[in-house]
Amino acid sequence: MRAFLLLVVSLGLAACGGSSHRDARTIGATPTVAFATGPIYSACRASDRDATDRQLCGCIQAVADRELSGSDTRRIAGFFDDPEEAHAVKISDSWRNESFWDRYRAYVSAARQTCG
């Protein structure tokens, strides 16, 4: 899974990496575990990358649910199948793509903190 994450992060496509799957927030002394299913979870699990970890895919989906709109979540899920689309969005001069990329970068940061 780490190889997958390094690839995704290096391409600007990833959400997070690491082995801890605990949410950064805690209730009292008990940390909460972030997990959800949805388009990013499904794309992550279906990807042909090495060792797609169920818990990690669920964690990055949970962060997406918390941080992103449904349309942004679906768009990011598409990056798993078409990494070149992510690159095209990143280098685009369109204000919509630039705005999306800012939200995406904030999501990546939040996912790294929560899932990594």
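Coordinate-derived values only; no laboratory data. Since the model is a prediction, treat every value here as computed from it, not as a measurement.
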Would you pull out the residues with amide H under 5 Å of residue 116's amide H, same chain only if 5 or more places away, H placed 1.01 Å from N? 17
Let me know the shape class of segment 28-116, please: from the alpha-carbon gyration tensor, a ≥ b ≥ c as square roots of the eigenvalues, rounded when a/c is under 1.5, otherwise prolate if a/b is greater than b/c, or oblate. oblate
